[in-house]
Structures are given as structure tokens and as C-alpha cells.
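The values are calculated or read from the model by the stated rules, or taken from the named source; none is laboratory data. As the structure is a computational prediction, the values presented were derived from the model and not from experiment. Cβ coordinates were reconstructed from backbone atoms using ideal geometry, including for glycine residues, and neighbour counts include every protein chain displayed. Side chains included, ligands, DNA and RNA excluded: accessible areas come from the protein's heavy atoms. Shrake-Rupley method; radii C 1.70, N 1.55, O 1.52, S 1.80 Å.
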Amino acid sequence: KQEVTQIPAALSVPEGENLVLNCSFTDSAIYNLQWFRQDPGKGLTSLLLIQSSQREQTSGRLNASLDKSSGRSTLYIAASQPGDSATYLCAVARNSGNTPLVFGKGTRLSVIA
Amino acid sequence: GAGVSQTPSNKVTEKGKYVELRCDPISGHTALYWYRQSLGQGPEFLIYFQGTGAADDSGLPNDRFFAVRPEGSVSTLKIQRTERGDSAVYLCASSPSGRRVETQYFGPGTRLLVL
């Protein structure tokens, strides 16, 4: 059974810092990996999707990397802003069958002005 | 265009009651997913529809939970004889065709509290 772990569970940083969020998964037979953002009381917003054949994806100040063989992904946020404060969730899609996602518990990020 | 919508946004019920949660996916999306998110946890898969049929219901915790999508658009998640442990945020997501390359678009969720 696929298990997704995110470290740290919570993180507080001053504005302007670069930071890294970590995600690990137990079964490397994944089709893709996604990073989502969740704001309190709201749904999930997809930030980056990395296919299993890719090593990284970039969008603005966000960069996500994937090392499928070691079962790890990182989300790098450059020059953090208070508006980045949210919970960040990592999710993997199975390599076979249907497309339900398996999520980690998330990292709760606070960026202090 | 409009995103995924879910109603109600909040639902408070008493143990043993029946509840229905509704999801309106993005127009034209054939794939629809239900997830449940307990406090401090990530979302957990419940059921996946492709069109009108449930393609994968392996995540439903027991037979008190049932979902339908009779016309291939709106879906209703039904919970019978609710228990306090059913309290969670129920999230709905949709995607254009259910292919794994696609992003799933999530609604804001329904927060269910069973007293």
C-alpha cells in the first residue's frame, strides 16, 4: 500500500527566506506526483504536476523535483511571502488502474512579515 | 468559468441521522472523485466516477456510505446512520476525462460535524 510522508509537519519562516518542503513515498511505481496548496476552509489548488519521466517542474517562484527511484520529491519556494502561508500537500497517482490520488498529511507553512 | 462547487458548505447533524452531500463538477468533466479529509490529515480517496458509473469505490469505508451520479454530472454522497467518526471535510474533485496526466480540480469541500 502506497504511503506518502511529508516533513516537516509545520514550518514558520521570516519573509524573504527560501525554503524546502519534503515528500517521500514508499512505492516508486507512480505515474505522477503533484503538489497542492490548501488555504483554510478552501479546496485544493494544484501547483505543480511532475510526470514520472520528469525530474522537475517550475512555476514562478516554485520548483518541484522528483527522484522516483528513491521515492522523494521536494518543493522549493524562493523568496517566500506572507501570501505563501498555507498547507502544502503532496500526492501521487498510481502507475496502474484508476487515478485516485494518495496524499500526504501536508506541511503547514507560515511566512511571517 | 465556474469551478467545482459543493453544497452545503457546512452540515451539522446528530448521530444516527442520514445526510446527503452534493457536488457540481466543472461542466464537461467526465471524471469525478470524492475524498474525505479528517483534521490534520491529507485527503483520503473514497470513490471515483467515470461518467455515470462508479469505476472505483474501494475507498468507501463501509456500506453506510453510498454515492451516485445518475446523469454523469452532479454527484451526491450519501451517508446513512451517521457516526461521530464520520466528522470530516468531504472534498469533491473533477477532471476532464480521468486520464492520469490530468490535474484534478477540487471544490471547497463540505464540513460535516456529527454530534
Give me D for the range B:69-115 in µm² s⁻¹, whole number, from Stokes-Einstein with Rh from the Kirkwood sum over alpha-carbon pairs, 37 °C and 0.692 mPa s.
-> 258
Euclidean distance between Cα centres, the range B:22-53 to the range A:46-113, Å | 20
Exposed trypsin sites (Lys or Arg not before Pro) absent: longest stretch of chain B, with sites in DSSP loops and at most 14 other Cβ within 10 Å deemed exposed = B:18-63
Geometric extent, Cα atoms of chain B - Rg, Dmax (angstrom) = 13.3, 41
Orientation-averaged projected area, Cα convex hull of the range A:43-108 (nm²) = 5.2
Once normalised by the length of the range B:1-105, the mean sequence separation of its alpha carbon contacts under 8 Å that are 6 or more apart gives a contact order in percent of 34
Rounded to the nearest 10 Å², the 1.4 Å probe accessible area of B:SER38 is 40
One computes Rg over Rh for chain A from alpha-carbon atoms, with the Kirkwood Rh, and obtains 0.96
Apply the Karplus parameterisation 6.51 cos²θ - 1.76 cosθ + 1.60, with θ equal to phi minus 60°, to every residue of the range B:107-115 and state each ³J(HN,Hα) to the nearest whole Hz, in sequence, with x for glycine and proline.
-> x, x, x, 10, 8, 9, 10, 9, 8
Carbon + sulfur, % of accessible area of the protein assembly as shown - ligands and nucleic acids excluded, 1.4 Å | 48
Mind checking the per residue accessible area of chain B for me, 1.4 Å probe, whole number of Å²?
-> 47
For chain A: relative contact order, % (alpha-carbon pairs under 8 angstrom, 6 or more apart) = 37
Per residue of A:34-42, other chain Cβ atoms within 10 Å number on average 3
Ranked from the most accessible area to the least, with a 1.4 Å probe and all protein chains present, what is the order of B:THR13, B:THR7?
-> B:THR7, B:THR13
The correct ranking of A:SER65, B:SER27, B:SER95, B:SER9 by accessible area at 1.4 Å, largest first, is B:SER27, B:SER9, A:SER65, B:SER95
With a bin width of 5 angstrom, please list the P(r) values of the protein assembly as shown as percents of all Cα-Cα pairs, from the 0 bin to the one holding the largest distance.
-> 1, 7, 15, 19, 18, 17, 12, 7, 3, 1, 0
Which GluC sites (Glu not before Pro) from the range B:4-46 combine a DSSP loop assignment with at most 14 other Cβ atoms within 10 Å?
-> B:GLU14
For the range B:20-39, list whatever residues lose no less than 10 Å² of accessible surface once every protein chain is in place, relative to that chain by itself, with the probe at 1.4 Å.
-> B:TYR33, B:TYR35, B:GLN37
Vicinal HN-Hα couplings computed from phi for the range B:80-90 (Karplus, 6.51 cos²θ - 1.76 cosθ + 1.60; Hz; Gly/Pro x) = 9, 6, 4, 10, 4, x, 7, 4, 4, 9, 9
When DSSP assigns beta bridges and you keep just the ones with both residues in chain A, what percent turn out antiparallel, to the nearest 5?
-> 90
Put simply, what bits of the range B:78-105 lose 30 Å² or more of accessible area when the other protein chains are there, versus the chain on its own (1.4 Å probe)?
-> B:ARG100, B:VAL101, B:THR103, B:GLN104
